[in-house]
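A quick write-up on the structure given underneath.
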Amino acid sequence: MKRRNLLKIAGSCLLLLPGVKALALEPGNSSDISDVSPEALQTLLDSPVPDLNGQEHTVRAYLDKPLVLNFWATWCPPCVKEMPDLEALHKAYPDINFIGYAADTEKNMRKFEEKVKVSYPLLVAGMGSISLMKKLGNKTGGLPFTLVFDARGELRQKILGQIKKDELEQILDTLSG
């Protein structure tokens, strides 16, 4: 390979690094919620989104008790890696709702669901949910991204990157009961 081509490839890789870092956030970087747009939060809560059976749901319908809303995608390794922890927490905390809010397609999700089973609802939010995440305080649009709501429907926590099970469990302990 010519040196010029090698330098072009190396330069292109360097330009891509920030984007790759944004998509692979460090595990459980918890942050405050002051940068969450109230309008984006309303959009998230009130926009109908289909499940894998085509039935439309709003996030607000799940706010009859505390809620863990996890933005994820089938093509996101940290998202897939955290799903068993989210499933375990879902089973351990029956008084807390969990939703998988996928920045993906129904087709990809169906194939994924054949391999990885979860008992909490998976909603097909599509790739447009990435721009919504940015307005919800996830400036990079990286996945996974988790929002935690209390029983009154108030946003209490956002977690950028893969959850840390024990830390999320501590948050859930303050919301349950």
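The values are calculated or read from the model by the stated rules, or taken from the named source; none is laboratory data. A quick note: this is a predicted structure, and the numbers were derived from the prediction, not measured. Heads up, the Cβs are rebuilt from the backbone with ideal geometry, glycines too, and the neighbour counts pull from every protein chain shown.
Note on the range 132-154: among residues that are more than 28 Å from ASP173 (Cβ to Cβ) and either of a type in the set (D, E, K, R) or modelled with pLDDT of 95 or more (or both), the one that is surrounded by the most Cβ atoms within 10 Å (Cβ to Cβ) is LEU132. Checking the structure you have, find out if any residue of the range 29-49 is under 14 Å from the mean Cα position of the chain (by Cα), at pLDDT below 95 and either among the polar types (S, T, N, Q) or under 18 Å from LEU172 (Cα atoms) (or both). So far as the range 29-49 goes, yes, one or more of its residues are under 14 Å from the mean Cα position of the chain (by Cα), at pLDDT below 95 and either among the polar types (S, T, N, Q) or under 18 Å from LEU172 (Cα atoms) (or both). Within the range 155-175, the set of residues being touching a Lys or Arg at 6+ places or on another chain (Cβ under 9 Å) and surrounded by fewer than 16 Cβ atoms within 10 Å (Cβ to Cβ) comprises THR174 only.
Residues that are assigned to a helix (DSSP H, G or I) and on the phi < 0 side of the Ramachandran plot: does the range 50-60 have at least one? Scanning the range 50-60, I find at least one residue that is assigned to a helix (DSSP H, G or I) and on the phi < 0 side of the Ramachandran plot, so the answer is yes. Of everything listed in (1) assigned to a loop (DSSP other than H, G, I, E, B); (2) of a type in the set (A, V, I, L, M, F, W, C); (3) within 23 Å of ALA151 (Cβ to Cβ), the single unmet condition for TRP75 is (3). Restricting attention to the range 58-77, the residues that are surrounded by fewer than 19 Cβ atoms within 10 Å (Cβ to Cβ) and more than 18 Å from VAL124 (Cβ to Cβ) total 4.
Collect the residues in the range 84-137 that are under 27 Å from GLU39 (Cβ atoms), of a type in the set (A, V, I, L, M) and free of Cβ contacts under 8 Å to residues at least 60 places away in the same chain, keeping them in residue-number order. Hits for the range 84-137 are ILE99, ALA102, ALA103, MET127, ILE130.
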